[in-house]
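A.B. asks: Take a look at this one; I'll ask things after.
Since every read-out is calculated from the coordinates, none of them should be taken as a lab result. Computed from a predicted structure; not experimentally measured. Here the Cβ is made from the backbone with ideal geometry for all residues, glycine too, and neighbour counts use every protein chain on show.
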Amino acid sequence: MRAWCGVVAKQSFIELRDGVGGFMFDVDGTLAHRGADGRAHAQPGAIEVLNKIRASGRKIVEFTNASHVSSATVAERLRDDGFPVSDEELLTPIDSATSYLLRRYRDQPVQIFATEAVHDFMTAAGVRVTRGDDARVVFVAHLQQVDLDEIERAARAIERGAPLFTSSYVRGYAGANGTILSRGAMITAAIAKSGGTRPRVVGKPSHAAVAELTRRLGVPASGIVVIGDDARMDIALGKLGGSPTILVRSGISGGVDIDALPASQRPDVAIDGVSELLEFL
């Protein structure tokens, strides 16, 4: 275990613990690793950490990068894999995107690149989803395959002034057999290039995600400890909201040189695995 910013590790944990009302955990690479069967296998100490936090009366959100199904579906699958997580504790970029679109573009037609499950979820939530040529907003989540005609339709909407939002714009995520390349990022890049714009992230890291996280936990961002394995996403999210941050080296940022990271991605504390939190909770 190491501490950063010249602070002794144990003292750093105590400072992060005191005054904290909520915890955000990334899932894959932090609390779990995916097996070849696609099931989530708990990291050592992960379930004990979650249970200890709940027993203390503090709140938890598990913020996964999944953007192909609703958060309720993700929560159900995690419960099937043995994780004690409620629907209310599970957050995805689809949730933060939906809340953001309803706040800022409630009456605007939105072209979305997403599965039918996400189409249905966002429509039921009140987003005005369009499959026509009248889009005033474009949002990209996840799709396995995409038609170039749809890419062009989105680019034309952007030419008319539509903003481009994406659930994430990183290259990939920690998977069972190494990095899972993000098809959402591929689609976003194609639309951004052809439409001549830059995408805006509404998942991790973004102000939209910070707003949804604080709403779910009912705690200001400064009182939420953000814990994850990806410096570019999880730690950057925490830094964006002014939260204390812990990098877990069990995932995609395991070999990263923390001293070389920009300040916006540099964690307050780095640990080898979530089990190291048990002593300090």
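A.B. asks: May I ask you to work out the translational diffusion coefficient for the stretch 17-83 at 20 °C, viscosity 1.002 mPa s, via Stokes-Einstein with Rh from the Kirkwood sum over Cα pairs, reported in whole µm²/s?
C.D. replies: 168
A.B. asks: For n ≥ 4 DSSP H runs only, could you compute -39500 (n - 2.57) per run for the chain, divide by its residues and tell me the 222 nm figure to the nearest 500?
C.D. replies: Details: 9 runs with 93 residues, N = 281.
About -10000 deg cm²/dmol.
A.B. asks: Taking the Cα centroid of the stretch 186-250 and of the stretch 80-108, what is the distance between the two, rounded to the nearest whole Å?
C.D. replies: The two parts, judged by their Cα centres, are 13 Å apart.
A.B. asks: Then there is this: Name the shape class, rounded, prolate or oblate, that the alpha-carbon gyration tensor gives for the stretch 105-183, where a ≥ b ≥ c are the square roots of its eigenvalues, rounded holds for a/c under 1.5, and otherwise prolate holds if a/b is larger than b/c and oblate otherwise.
C.D. replies: prolate
A.B. asks: Here's something else I'd like to know. Multiply the residue gap between Leu281 and Glu152 by 0.36 nm, knock off their C-alpha separation, and tell me the result in nm, one decimal place.
C.D. replies: Length gained, Leu281 through Glu152: 41.4 nm.
A.B. asks: Taking Lys204 as the anchor, which aspartates and glutamates have their alpha carbon closer than 15 Å to its alpha carbon, excluding any fewer than eight residues away along the same chain?
C.D. replies: Counting by Cα, and skipping residues close in sequence, Lys204 has these aspartates and glutamates nearby: Asp26, Asp28, Glu62, Asp95, Glu212, Asp229, Asp230, Asp234.
A.B. asks: Which length gain, in nm to one decimal place, applies between Ser86 and Arg171 when the Cα-Cα distance is subtracted from 0.36 nm times their residue separation?
C.D. replies: Details: separation 85, 0.36 × 85 = 30.60 nm, distance 2.93 nm.
Separation in residues times 0.36 nm, less the Cα-Cα distance, equals 27.7 nm.
A.B. asks: With 10 angstrom as the radius, rank Ser99, Ser70, Ser168 by how many other C-beta atoms surround their C-beta, starting from the fewest. Intermediate values should be presented prior to the final figure.
C.D. replies: Numbers: Ser99 19, Ser70 23, Ser168 27.
Going from least to most buried by this count: Ser99, Ser70, Ser168.
A.B. asks: Among residues other than Thr166 whose Cβ falls under 12 Å from its Cβ, what is the net charge (Lys/Arg +1, Asp/Glu -1)? Walk me through the intermediate numbers first.
C.D. replies: On the way: positive: Arg183, Arg198, Arg200, Lys204; negative: none.
Within the 12 Å Cβ shell, the charges total +4.
A.B. asks: Counting every Cα pair in the stretch 72-205, what percent are over 20 Å apart?
C.D. replies: Tail of the P(r) past 20 Å holds 46 percent of the pairs.
A.B. asks: Quick check on the stretch 192-281: take the gyration tensor over C-alpha atoms, sort the square-rooted eigenvalues as a ≥ b ≥ c, and tell me if it's rounded (a/c under 1.5), prolate or oblate.
C.D. replies: oblate
A.B. asks: At 0.36 nm per residue, and after removing the present C-alpha to C-alpha distance, how many nm does the segment from Glu159 to Glu76 gain when stretched out fully?
C.D. replies: So the chain would gain 25.9 nm between Glu159 and Glu76.
A.B. asks: If we count other beta carbons within 10 Å of each Cβ, what is the order of Ser250, Ser194, fewest first? Intermediate results must be reported in sequence, preceding the final value.
C.D. replies: Working: Ser250 22, Ser194 16.
With the fewest neighbours first, Ser250, Ser194 line up as Ser194, Ser250.
A.B. asks: How big is the dipole moment of the stretch 104-201 about its Cα centre under a simple scheme where the beta carbon of each Lys and Arg is +1, that of each Asp and Glu is -1, and everything else is neutral? Debye, nearest 20, please.
C.D. replies: Computed about the Cα centre, the dipole is about 440 debye.
A.B. asks: With +1 on the Cβ of every Lys and Arg and -1 on the Cβ of every Asp and Glu, and nothing else charged, how large is the dipole of the stretch 135-281 about its Cα centre, in debye rounded to the nearest 20? Walk me through the numbers before you get to the answer.
C.D. replies: Working: 16 positive and 15 negative charges, 142 e Å.
It works out to roughly 680 debye.
A.B. asks: Explain nothing, just the number: dipole magnitude of the chain about its Cα centre with +1 on each Lys and Arg Cβ and -1 on each Asp and Glu Cβ, in debye rounded to the nearest 20.
C.D. replies: 720
A.B. asks: With springs only between Cα atoms under 10 Å, which of Arg232, Arg104, Arg153 fluctuates most in a Gaussian network model of the chain?
C.D. replies: Comparing Arg232, Arg104, Arg153 in a Gaussian network model of the chain, the most mobile one is Arg104.
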